[in-house]
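Derivation of every value follows stated rules applied to the coordinates shown; laboratory data play no part. Because the structure is predicted, anything quoted here is derived from the model rather than measured. All Cβ positions, glycine included, derive from the backbone under ideal geometry; neighbour counts span all protein chains shown.
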Amino acid sequence: MSKSDPRRFLDYLSAEQNASLLYRALADTVDGDRREALLELADIEDKHAEHWAAKLAEHGIEAPSPTGGLDPGDAELLSRARALGIDGILETLEQTEAAAEGMYDDEPDALPTMSTDERDHAETFRQMRSDQSQTVVGPRRALGSGGEAWHRVDRSGAVRAAVFGVSDGLVSNTALVMGFAGAAPNNSTILFAGLAGLLAGAFSMAAGEYVSVASQRDLFRREIAMEESELRDKPEEEQKELELIYRAKGLSREQAGMVAAQIMTDPKIALETLAREELGLDPNELGNPIKVAISSFISFAIGASVVVLPYLFFTGPTASTSIPLLLAVSLSLMSMIIVGSVVGRLSGRGMIFSAARQLAWGVGAAVVTYGVGRIIGVNIG
């Protein structure tokens, strides 16, 4: 429809009203952050609808009253959400919003914030899909309001590397130090062994994480490049693949065709969508090997330093050997409980269970190496 024809506002108004009805209905099926996110999306759609109703009034066109009911496609989505949970339709919601991301880019009568709002909606559903490990992300801001204080998911791998780096450093260096303590050498030897284990482990973990993430990122980039080539050389086939994907997700033939056609109008959006749907990848978040390596090095060193600290203050031929050992054991046990609880919190497995698991493995490793050290130390002696 021509940009000079005010009747186009009717389509915009209908789309915004339908979206608001759907999001409010979906909000009744969930709670917590997801409910807040859906209600905020509905509020934004209502403000968009008000804008288009006002535009229609300026041109002497009466805005139709909201029907109060969902269209058949949205009603089907709501039924699926009620039967299977909202997780079963998040991908469809994300794809629908992604297809509408550019609807206001060339619209002279749209508010300046509308295009960004629509892109934020797709991002909201994209982040909801990954809220099993972290919190969901809502729109960056509502129309005419400040930003929401919801946190974005860290997909670079640095957080994971940091948390598990501390755990690995704590367990491995505690076991190493306990082994030397079991052999009953002097405190200076134990300190040297602990520091050597700290540095060796930290460098090893950093190098391993860097190579792993860098190799994975190179592989992902190659896959995306191949998808980009297919999109450029065989666009009809790629559009057909999208249609089939959406039909498999529950959309009708007509809906799937419309969504796929809209996505294919923008090569960048088409590539991102195909990468997610066919490869399970987000082209914008393939991991940062340097960030992960640094995070791994620092976190391993922090974990490994716990058992070493007491021996820094008890060196020399006359220093007590029992006091630093008791302090090292106590600090290690407390640290294992804390680290295990944090891992449980992040993973959703349960803080008590994760703390007990961390303690069991850490203590088990330390007991074994201490016993081996005692046997070797006695035999050598």
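Can you give the convex hull volume per residue for the Cα atoms of region 216-279, as a whole number of Å³?
68
Starting from the 7 Å offset along Cα-to-Cβ, what nm value, one decimal, do you get for the label separation of Glu223 and Glu107?
That separation, rounded to one decimal, is 3.5 nm.
Are there trypsin sites (Lys or Arg not before Pro) in region 285-366 that DSSP puts in a loop and that have at most 16 other Cβ atoms within 10 Å, and which ones?
Sparse-neighbourhood loop trypsin sites (Lys or Arg not before Pro): Arg349.
Could you name the aspartates and glutamates whose alpha carbon sits less than 15 Å from that of Lys240, not counting residues in the same chain fewer than 8 places away?
Straight-line reach from Lys240, under 15 Å: Glu227, Glu230, Glu254, Glu277, Glu278.
Along Cα→Cβ, 7 Å out, is where each label goes; now give me the distance between the ones at Ala214 and Ala75 in nm to one decimal.
5.8
Could I have the simple spin-label model distance between Leu244 and Asp33, label points 7 Å from Cα toward Cβ, reported in nm to one decimal?
3.6
Along each principal axis of its Cα atoms, how long is region 8-128 end to end? Whole angstroms, biggest number first, please.
Principal axes ranked by extent give 44, 27, 22 Å for the Cα atoms.
With +1 assigned to the C-beta of every Lys and Arg and -1 to the C-beta of every Asp and Glu, and no other charges, what is the dipole magnitude of region 173-228 about the Cα centre in debye, to the nearest 20?
So the magnitude is around 260 debye.
State the answer as a single residue: which of Ile224, Tyr311, Met334 lies farthest towards the positive end of the charge dipole of region 217-336, with beta carbon charges of +1 for Lys and Arg and -1 for Asp and Glu, about the Cα centre.
Tyr311
Packing-wise, with mean Cβ within 10 Å as the measure, how do 183-191, 101-109 rank, highest first?
183-191, 101-109
Would you mind calculating the relative contact order of region 216-279 from Cα pairs under 8 angstrom and at least 6 residues apart, reporting the percent as a whole number?
36
Which order do peptides 165-171, 114-120 fall in by mean Cβ count within 10 Å, highest first?
The packing order, highest mean first, is 165-171, 114-120.
Taking the number of other C-beta atoms within 10 Å as the exposure measure, put Thr174, Thr265, Thr29 in order starting with the fewest.
With the fewest neighbours first, Thr174, Thr265, Thr29 line up as Thr265, Thr29, Thr174.
Using r as the Cβ-Cβ distance of Ala207 and Phe353, and R0 as 51 Å, what FRET efficiency do you calculate, to the nearest 0.05?
Working from the Cβ atoms, E equals 0.95.
Using the Cα centre of region 8-128 as the reference point, and only Cβ charges (+1 on K/R, -1 on D/E), how large is the resulting charge dipole? Debye, rounded to the nearest 20.
Result for region 8-128 is approximately 360 debye, rounded to the nearest 20.
List the aspartates and glutamates whose Cα lies under 17 Å from the Cα of Lys291, skipping any in the same chain that are fewer than 8 positions away.
Asp154, Glu209, Asp218
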